[in-house]
Each structure stands twice: as structure tokens, then as C-alpha cells.
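Asker: Right, I'll just put the structure down here and ask away after.
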Amino acid sequence: MDEREMLVKYIDARDKLNKLKEELTEAQKIFDEEESRLVTMLIDKEATSTARYEGVGFATLTKPRLFASYSKEYEQDVFQFVEKSGERELMKISIHPSFLSGFVSRLIEDGKVVPEFVRYYMKQGVRFYDK
């Protein structure tokens, strides 16, 4: 394979990758919208799952996942708060969002107070089960 052919293959691969990324972005958007509609419908019906459908399956509401964050201006406050709570060994120079989310989730489950400088929200999801 000569240089030109390699370049053409590279460009074709890049173009295919970019197209797939666009398709993935659109598919994720559609998936998120449909998941949100399904969650809303189940919550409105005060149900925890859909009916079971032959050849399709069913979906159940999952425990809401917590996502915690903080503004950069409160970083030192958050560091001190986490350190005082005995979790210092798990911290790095920065606090990874998934660590903070897990930490705040445990605090809430244990009935402890989350400082006002830590923001969080709950995201409800569903789990799908095949036939």
C-alpha cells in the first residue's frame, strides 16, 4: 500500500468515524428522550414497572442515581468537608464527580447533612429486561 492509498484509507476511516459519532449523538438524544417519557409515565401512574409484553419484555424504575457537584469557588470548602468526614484517603488533588456523587449519596442515605455549597440532583432511570 502506497502513501496515497494510506491517506485515502485514513480519510475514509475518519469520515466514517465522524458519521458514526453524529449518529451516536442523535441516538443518545432519542434514547434519553424516550427514557424520560417512560420514567415520567411510570411516576405519573405511581407504578414501579411496566407490564410484561410477550416478545418485548418489561422495564422497571431503578433507584435514582445521585449526581453531585460544586462550584470552583467552593473547592476548598468541599475538600475540608470531605476530609473532616474521614474520606481524605480517597481524595486526590481534585474531587472526581463520581466520587463526590457516591459520597453525597451515602451521606443522604445515612441521614446526614449535605452542605449548601454542594449541589446535587437525582436522575431516575429504568432497567429493561429482555423477553
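Any read-out appearing in this document is the output of simple, stated calculations on the displayed coordinates, not a laboratory observation. Worth saying up front: this structure is predicted, and the values here are computed from it rather than measured. Using ideal geometry, Cβ is built from the backbone for each residue, glycine included, and neighbour counts are taken over all protein chains shown.
Asker: Which of rounded, prolate, oblate describes the chain, given a ≥ b ≥ c as roots of the alpha-carbon gyration tensor eigenvalues and a/c under 1.5 marking rounded, otherwise prolate only if a/b is larger than b/c?
Answerer: Numbers: a/c = 3.07, a/b = 1.22, b/c = 2.50.
Judged from the Cα gyration tensor, the chain comes out oblate (a/c at least 1.5, b/c at or above a/b).
Asker: Mind putting a number on the dipole of the chain about its Cα centre? Charges go on the C-beta only, +1 for Lys and Arg and -1 for Asp and Glu, and I need it in Debye to the nearest 20.
Answerer: It works out to roughly 300 debye.
Asker: Still on this model: Quick one, could you list the DSSP H helices from the chain stretching 24 Å or more along their long axis (Cα atoms) with average Kyte-Doolittle hydropathy of -1.0 or above? Walk me through the numbers before you get to the answer.
Answerer: Details: long enough: 3-44 (61 Å, -0.73).
Span-like helices in the chain: 3-44.
Asker: By the gyration tensor of its Cα atoms, with a ≥ b ≥ c the square roots of the eigenvalues, what is the shape of the stretch 60-129: rounded for a/c under 1.5, prolate for a/b over b/c, or oblate?
Answerer: prolate
Asker: Report, ordered by chain and residue number, the lysines lying within cross-link reach of Lys72, taken as a straight Cα distance under 22 Å and ignoring same-chain residues fewer than 8 apart.
Answerer: Partners within reach: Lys84, Lys92.
Asker: Follow-up question, since we're still on this one. What span do the alpha-carbon atoms of the stretch 3-47 cover on each of the three principal axes, reported in whole Å from largest to smallest?
Answerer: Principal extents (Cα only, largest first): 63, 11, 5 Å.
Asker: Please list, or write none, the lysines whose alpha carbon is within less than 28 Å of the alpha carbon of Lys45, excluding same-chain residues fewer than 8 places away.
Answerer: Result set, ordered by chain and number: Lys29, Lys63, Lys123, Lys131.
Asker: What FRET efficiency, computed as 1/(1 + (r/R0)^6) with R0 = 41 Å and r the Cβ-Cβ distance, is obtained for Glu5 and Tyr53, rounded to the nearest 0.05? Don't skip to the answer; put the middle values down first.
Answerer: Details: r = 51 Å, r/R0 = 1.24.
It comes out at approximately 0.20.
Asker: Still on this structure, I have one more. Per 0.36 nm of contour for each residue apart, how much would the distance between Glu83 and Arg14 grow if the chain were fully extended, relative to their Cα-Cα spacing?
Answerer: Working: separation 69, 0.36 × 69 = 24.84 nm, distance 4.54 nm.
Length gained between Glu83 and Arg14: 20.3 nm.
Asker: Could you work out the relative contact order of the chain? I mean the mean sequence separation of Cα pairs under 8 Å and 6+ apart, divided by the number of residues, in percent. Provide the component values of the computation, followed by the final result.
Answerer: Details: 110 pairs, mean separation 46.6, N = 131.
Across the chain, relative contact order equals 36 percent.
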